[in-house]
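To start, the structure itself, in structure tokens.
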Amino acid sequence: MKTLSAIPMPAMSSFPVSENVARMQSSATMAAMQAAEALRAAGVNVCDFGAGEPDFDTPENIKQAAAAAMKAGRTKYTSAGGIREIQTAIIDFYRREFGTEYQPAEVMTTAGGKQAIFNAVVTLINPGDEVLIPKPYWVTFPEVVVFAGGIPVFIETEETDFVLTLEQVQQAITPRTRLLILNSPSNPSGRVLPPNDFRRILELTTERGIYVVSDECYLRFVYPPAEVFSAASLPAELRSRLCIAGSFSKTYAMTGWRVGYALAPAEWTKAMLKVQGHSTSNTNSMAQWAAVEALNGPQESVATMLAEYTKRREWLLKALCEIPGIKCAEPEGAFYAFPDVRGCLKNGLKTSGEFAQRLIEEEHTVVTDGAGFGAEGYVRISYATSIEQIKEGVGRIRRLAERILKV
Ligand SMILES: Cc1ncc(COP(=O)(O)O)c(C=O)c1O
């Protein structure tokens with residue numbers, strides 16, 4: 001009998017991968033995660049700023065709700081869009097927070113916010129449709145568009161400090177524009193789109209018949225004076241072509257549970273249910289019960305996390321700005337700093353990717369190259385890690401910067 005390793009494996013290149021998938025890029029954030037894992041496995045003391053997930057544990061009440069659901073035998077298929085209780089909990093949350101009356105036919109749960117975005121894009125985009133994606137963007141946006149056969153059209157926003165403006169959207173629209181993807185607070189820049197600008201942009205897209213996906217996965221992590229804002233609070237006529245992608249991953253430290261949701265007009269939701277019904281079906285049933293508890297139970301854990309992120313952010317920003325060659329604007333939300341490292345691209349160093357690579361090799365410190373988010377010259381630093389790690393890691397970044405600049 002042949003052992004598995006003796007069976008010749010076809011070279012990967014011989015697999016006739018579909019054209020759309022061949023055009024997709026691997027995730028830069030996953031690459032950073034793998035780099036950190038490889039270092040840890042080699043026993044290296046690594047400072048990992050790559051992870052895009054909270055370092056907090058899922059709150060106990062949420063875990064208990066999942067355990068209770070399992071014990072009660074709530075372990076079967078549910079309807080593809082989720083149990084009635086989770087739909088009600090999401091609708092109630094949006095009513096409480098934003099005064100909106102969503103209907104059950106406009107709500108569905110998904111395997112994380114990522115699946116909500118995937119569903120929304122593949123149900124709408126035909127080959128050749130243009131999709132507007134402001135830079136810097138979360139790595140998945142263009143790839144999902146490419147998967148669907150669409151054409152990502154990137155909007156440059158560096159001139160306006162990575163805050164999208166109405167004029168920038170106006171200039172990017174063509175007769176083939178079908179969708180705009182917004183993400184506020186933004187991963188990677190931490191930028192928050194001011195509510196008034198959000199409204200004006202949706203007035204424009206509505207008038208032009210363009211659909212919008214608003215990725216609100218970091219909704220609750222906003223630092224004053226920036227305000228928590230959901231597109232759900234816009235008037236009904238501005239929501240007629242809007243899909244909100246939401247997530248429990250960051251807000252309740254539930255990344256591994258895979259629960260998110262989509263809020264969209266009933267017909268769009270129906271199409272998304274069709275796709276999901278034939279792909280993954282319902283979100284894990286016990287995770288749905290956990291998510292009901294997350295929304296209906298005590299919310300202190302969210303405030304505790306936000307307070308901790310606030311402290312780390314303050315420390316990190318000050319320390320980063322003191323490093324020669326590095327400039328960093330203040331992130332207003334999420335848990336990322338997005339420093340400009342172009343001042344360090346000297347003495348043979350040409351790209352932020354090379355900077356990130358040297359950080360790994362020489363200082364065992366992992367950051368994510370901004371090029372993966374469409375912003376060459378920047379790196380993303382996640383501060384969803386302990387203040388001790390942040391202090392140690394920033395010291396290492398400083399050492400590298402000083403070595404490069406010979407100061
Ligand atoms: C901007 C943004 N959207 C969506 C997601 C997806 O999160 P999940 O699928 O875990 O809900 C992430 C995760 O990193 C993200 O950063």
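The values are calculated or read from the model by the stated rules, or taken from the named source; none is laboratory data. Not measured: the values here are computed from a predicted model. As a convention, Cβ positions derive from the backbone with ideal geometry for all residues, glycine included, and neighbour counts pool all protein chains shown. With ligands, DNA and RNA removed, areas are computed over all heavy atoms of the protein, side chains included. Shrake-Rupley method; radii C 1.70, N 1.55, O 1.52, S 1.80 Å.
Being touching a residue at least 12 places away in the same chain (Cβ under 8 Å), more than 16 Å from the ligand (Cβ to nearest atom), among the charged types (D, E, K, R) and closer than 23 Å to residue 193 by Cβ: is that true of residue 220 here?
Answer is no for this residue.
From the list 148, 172, 105, exactly one residue is hydrophobic (A, V, I, L, M, F, W, C), away from the ligand (no atom under 16 Å from the Cβ), without any contact (Cβ under 8 Å) to a residue 60 or more places away in the chain and open to solvent by 10 Å² or more (accessible area, probe 1.4 Å). Which is it?
Answer to the check: 172.
So, residue 118, is that one open to solvent by 10 Å² or more (accessible area, probe 1.4 Å) and not in a loop (DSSP other than H, G, I, E, B) or not?
yes
What's the total number of residues in region 229-256 that are closer than 20 Å to residue 298 by Cα and near the ligand (Cβ under 9 Å from one of its atoms)?
Result for region 229-256: 7.
I'd like the full set of residues that are assigned to a loop (DSSP other than H, G, I, E, B), touching a Lys or Arg at 6+ places or on another chain (Cβ under 8 Å) and under 22 Å from residue 154 (Cβ atoms), limited to region 339-366. Working first, answer last.
Here is the first cut: in region 339-366, the residues assigned to a loop (DSSP other than H, G, I, E, B) are 339, 341, 345-351, 364.
Narrowing the set further to residues that are touching a Lys or Arg at 6+ places or on another chain (Cβ under 8 Å) leaves 339, 347, 349, 364.
Residue satisfying the conditions is 339 alone.
Residue 153 passes all but one of (1) touching a Leu at 6+ places or on another chain (Cβ under 8 Å); (2) within 21 Å of residue 279 (Cβ to Cβ); which number fails?
Only one criterion is unmet by residue 153, namely (2).
Being away from the ligand (no atom under 16 Å from the Cβ), in a loop (DSSP other than H, G, I, E, B) and in contact (Cβ under 8 Å) with a residue 40 or more places away in the chain: is that true of residue 281 here?
Against the criterion (away from the ligand (no atom under 16 Å from the Cβ), in a loop (DSSP other than H, G, I, E, B) and in contact (Cβ under 8 Å) with a residue 40 or more places away in the chain), residue 281 qualifies.
Is it true that some residue in region 233-242 is touching a residue at least 60 places away in the same chain (Cβ under 8 Å), out of contact with any Gly (no Cβ under 8 Å at 6 or more places or on another chain) and not β-branched (Val, Ile, Thr)?
Within region 233-242, not a single residue is touching a residue at least 60 places away in the same chain (Cβ under 8 Å), out of contact with any Gly (no Cβ under 8 Å at 6 or more places or on another chain) and not β-branched (Val, Ile, Thr).
Would you check which residues across region 379-406 are within 19 Å of residue 25 (Cα to Cα) and touching a residue at least 60 places away in the same chain (Cβ under 8 Å) and list them?
Listed by number, the list holds a single entry, 380.
Would a scan of region 198-213 turn up a residue that is at pLDDT 95 or above, open to solvent by less than 10 Å² (accessible area, probe 1.4 Å) and hydroxyl-bearing (Ser, Thr, Tyr)?
Looking through region 198-213, at least one residue is at pLDDT 95 or above, open to solvent by less than 10 Å² (accessible area, probe 1.4 Å) and hydroxyl-bearing (Ser, Thr, Tyr).
Which one of these is under 26 Å from residue 222 (Cα atoms), assigned to a loop (DSSP other than H, G, I, E, B) and of a type in the set (Asp, Glu): 293, 376, 392?
Being under 26 Å from residue 222 (Cα atoms), assigned to a loop (DSSP other than H, G, I, E, B) and of a type in the set (Asp, Glu) holds for just one of 293, 376, 392, which is 376.
Which residue is nearest to the chain's Cα centre (by Cα), if the candidates are limited to region 318-371 and must be open to solvent by 40 Å² or more (accessible area, probe 1.4 Å) and closer than 15 Å to residue 191 by Cα?
Filtering first and then ranking leaves 332.
Among the candidates 94, 137, which residue alone is open to solvent by less than 60 Å² (accessible area, probe 1.4 Å), out of contact with any strand residue (DSSP E or B) (no Cβ under 6 Å at 6 or more places or on another chain) and either within 13 Å of the ligand (Cβ to nearest atom) or part of a loop (DSSP other than H, G, I, E, B) (or both)?
137
Residue 226 is checked against (1) in contact with a Phe, Trp or Tyr (Cβ under 9 Å, 6 or more places away or on another chain); (2) in a loop (DSSP other than H, G, I, E, B); (3) away from the ligand (no atom under 15 Å from the Cβ) and fails just one. What number does that condition carry?
(1)
Would region 246-265 turn up any residue that is small (Gly, Ala, Ser), in contact with an Asp or Glu (Cβ under 9 Å, 6 or more places away or on another chain), surrounded by 19 or more Cβ atoms within 10 Å (Cβ to Cβ) and free of Cβ contacts under 8 Å to residues at least 60 places away in the same chain?
Checked against the condition, which is being small (Gly, Ala, Ser), in contact with an Asp or Glu (Cβ under 9 Å, 6 or more places away or on another chain), surrounded by 19 or more Cβ atoms within 10 Å (Cβ to Cβ) and free of Cβ contacts under 8 Å to residues at least 60 places away in the same chain, region 246-265 yields no hits at all.
Out of curiosity, is residue 235 open to solvent by 50 Å² or more (accessible area, probe 1.4 Å) and either over 18 Å from the mean Cα position of the chain (by Cα) or closer than 23 Å to residue 51 by Cβ (or both)?
Values: open to solvent by 50 Å² or more (accessible area, probe 1.4 Å): no; either over 18 Å from the mean Cα position of the chain (by Cα) or closer than 23 Å to residue 51 by Cβ (or both): yes.
Taking the combined requirement at face value, the residue does not satisfy it.
When only residues in region 29-65 that are within 16 Å of the ligand (Cβ to nearest atom) and touching a Phe, Trp or Tyr at 6+ places or on another chain (Cβ under 7 Å) count, which is farthest from residue 145 (Cα to Cα)?
Filtering region 29-65 for residues that are within 16 Å of the ligand (Cβ to nearest atom) and touching a Phe, Trp or Tyr at 6+ places or on another chain (Cβ under 7 Å), the one farthest from residue 145 (Cα to Cα) comes out as 62.
Matching residues to (1) among the small types (Gly, Ala, Ser); (2) touching a residue at least 40 places away in the same chain (Cβ under 8 Å):
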{"site": "16", "(1), (2)": "no, no"}
{"site": "27", "(1), (2)": "yes, yes"}
{"site": "44", "(1), (2)": "no, yes"}
{"site": "47", "(1), (2)": "no, yes"}
{"site": "57", "(1), (2)": "no, yes"}
{"site": "64", "(1), (2)": "no, yes"}
{"site": "68", "(1), (2)": "yes, yes"}
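Every residue in region 140-183 that is outside any loop (DSSP other than H, G, I, E, B), of a type in the set (Asp, Glu) and under 22 Å from the mean Cα position of the chain (by Cα), please.
Listed by number, the residues that qualify are 143, 158.
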